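First comes the structure, then the notes that go with it.
The values are calculated or read from the model by the stated rules, or taken from the named source; none is laboratory data. Model, not experiment: these values are computed from the prediction. Note: ideal-geometry Cβ built from the backbone for every residue, glycine included; neighbour counts use all protein chains shown.
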Amino acid sequence: MNSVHDMGGMHGLGPIEYEKDEPVFHAQWEARAFALTVVMGAWGKWNIDAGRHARESIPGPEYLRMSYYEKWLTGLESLAVRQGLITETELASGRPAPGSEKRTPPVNADTVARNLRKGVPVTRDLPVTPRFKAGQRVRAKNLHPTGHTRLPRYARGKLGVIERDHGVHVFPDSNAHFRGENPQHLYSVRFTATELWGDEAKGSDSVALDLWDDHLEPA
Amino acid sequence: MGKHEHGTHSLDRRHHHAGQDAPSDLTLRVKALESLLVEKGLVDPAALDVLIDAYEHKIGPRNGARVVAKAWIDPAYRKRLFNDATAAIAELGYTGRQGEHMVALENTAKVHNLVVCTLCSCYPLPVLGLPPVWYKSSPYRSRAVIDPRGVLHELGLELPDDVEVRVWDSTSEVRYLVVPERPAGTEQLSEEQLAALVTRDAMIGVAKVAPPA
């Protein structure tokens, strides 16, 4: 979706505000919102791509106004309701619906650290044929889906070169919408700064993006 | 302007920006959600404590600094790191969430790598911990790809014209760790002393590692 989260190449969003000796969290609620989002993921009712899509679906003006963990909190609330773990009424009241069953959390204090160390790999050991090979020139497709995509606007329609094949990865553009993992080759694709930003850019500089087979066409 | 002068100033400004939602509102909203999820048996609050403690005290840029220092002194490890970063980093015990698929990038006198996530906030958590606010902020995300030299200047790093800047936009689950140049005059330092020189910012690519004072 062409929303404000896809901000690569924009001007006018202000100076970079660097904080020296920054704490990991700036308030207790940030830590709780972060941790709640991580452990709720263990129910398997959504995936990382759906999580990102929930946050980027926050209306643009709100997205720009909210602090980082407020976006996480908003994304978690919306996913938990949409995927049926809680109801709108429960969220509004802060109380479980009368008579609702009490469940057992999928992760507890003993298992959470192990899950963290294990992670959630997104490579798939499948015999998928790559459509491109290292050194090949490609063009990023000019796509404007209204749903989730990891192909940023600034690279669409641009010419790049495949630098390396990362192997077969889950495709976020379908996975975010629970339309399947659609595993396919993922590549590091390098675009020159002049291709992306015009002749004013410095010729030696470049930007590399990770893009999937479905984002690319031969050039 | 040097980045270290921004300190308290930026903190004040960020709180000002958050003014429409006073922190207490968000505190109450998170408390209400947590208590609902705990009461429904969806969340074990002790798991939250363990997770927060891990990111506050165990998973941070000291991990990445150990990887970099080892790559500086051990040529065989350096080779493994650039060949298969996920496995080489796992040798030191750093694995898992948001570091499942690692790639190491080599900064040299002629090539400077810089990492960003323009679409959200992707960051190599097992080696760097949770990202700082500026990395997740709109100004960095928007400009790192179109004006990397301007961004570096703003953060206090000037690069000569003949240095090639390579920006890496983290659009997949591949996570990038910059291996900065080893500063001159560090030949006598131990691996541990070297690790102490390596900063988070150098491993994102917005700073160089300074020689020992």
| request: Can you tell me which residue among B:65, B:54 is within 9 Å of chain A (Cβ to nearest Cβ), closer than 28 Å to residue B:207 by Cβ, assigned to a helix (DSSP H, G or I) and of a type outside the set (Ser, Thr, Tyr)? | output: B:54
| Which is within 8 Å of another protein chain (Cβ to nearest Cβ), β-branched (Val, Ile, Thr) and touching a residue at least 24 places away in the same chain (Cβ under 8 Å), of B:127, B:151? | B:151
| query | Has the range A:200-214 got any residue that is surrounded by 16 or more Cβ atoms within 10 Å (Cβ to Cβ), at pLDDT 95 or above and more than 12 Å from chain B (Cβ to nearest Cβ)? | reply | yes
| query | Given (1) at pLDDT 95 or above; (2) surrounded by fewer than 20 Cβ atoms within 10 Å (Cβ to Cβ); (3) within 10 Å of chain A (Cβ to nearest Cβ), where does residue B:78 come up short, assuming only one miss? | reply | (3)
| message | Show me the helices (runs of 4 or more DSSP H) found entirely inside the range A:33-131 where at least 3 residues are more than 7 Å from chain B (Cβ to nearest Cβ). | response | A:48-56, A:60-65, A:68-82, A:88-93
| query | Considering B:118, B:108, which residue is of a type in the set (Val, Ile, Thr) and facing another protein chain (nearest Cβ under 7 Å)? | reply | B:118
| message | Within the range A:149-167, does at least one residue satisfy the condition of being within 30 Å of residue B:59 (Cα to Cα), polar (S, T, N, Q) and buried (at least 21 other Cβ atoms within 10 Å of the Cβ)? | response | yes
| Failed criterion for residue B:73 (all others in (1) in contact with a helix residue (DSSP H, G or I) (Cβ under 7 Å, 6 or more places away or on another chain); (2) of a type in the set (A, V, I, L, M); (3) buried (at least 19 other Cβ atoms within 10 Å of the Cβ) hold) | (3)
| Out of curiosity, is residue B:84 at pLDDT below 95 and farther than 26 Å from residue A:92 by Cα? | no
| field | Residues of the range A:109-148 that turn out to be closer than 21 Å to residue A:183 by Cα, acidic (Asp, Glu) and either surrounded by 15 or more Cβ atoms within 10 Å (Cβ to Cβ) or without any contact (Cβ under 8 Å) to a residue 40 or more places away in the chain (or both), as a count | value | 0
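If you take the residues in the range A:32-47 that are of a type in the set (A, V, I, L, M) and within 9 Å of residue B:51 (Cβ to Cβ), which one is surrounded by the fewest Cβ atoms within 10 Å (Cβ to Cβ)?
Among residues in the range A:32-47 that are of a type in the set (A, V, I, L, M) and within 9 Å of residue B:51 (Cβ to Cβ), the one surrounded by the fewest Cβ atoms within 10 Å (Cβ to Cβ) is A:38.
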| message | Among the residues in the range A:7-28, are any in contact with a Phe, Trp or Tyr (Cβ under 9 Å, 6 or more places away or on another chain), surrounded by 18 or more Cβ atoms within 10 Å (Cβ to Cβ), farther than 25 Å from residue B:201 by Cβ and within 7 Å of chain B (Cβ to nearest Cβ)? | response | no
| query | Is the range A:62-80 home to any residue that is over 22 Å from the mean Cα position of the chain (by Cα) and surrounded by 19 or more Cβ atoms within 10 Å (Cβ to Cβ)? | reply | no
| Hits in the range A:182-199 - residues which are in contact with a strand residue (DSSP E or B) (Cβ under 9 Å, 6 or more places away or on another chain), among the charged types (D, E, K, R) and more than 9 Å from chain B (Cβ to nearest Cβ) | A:195
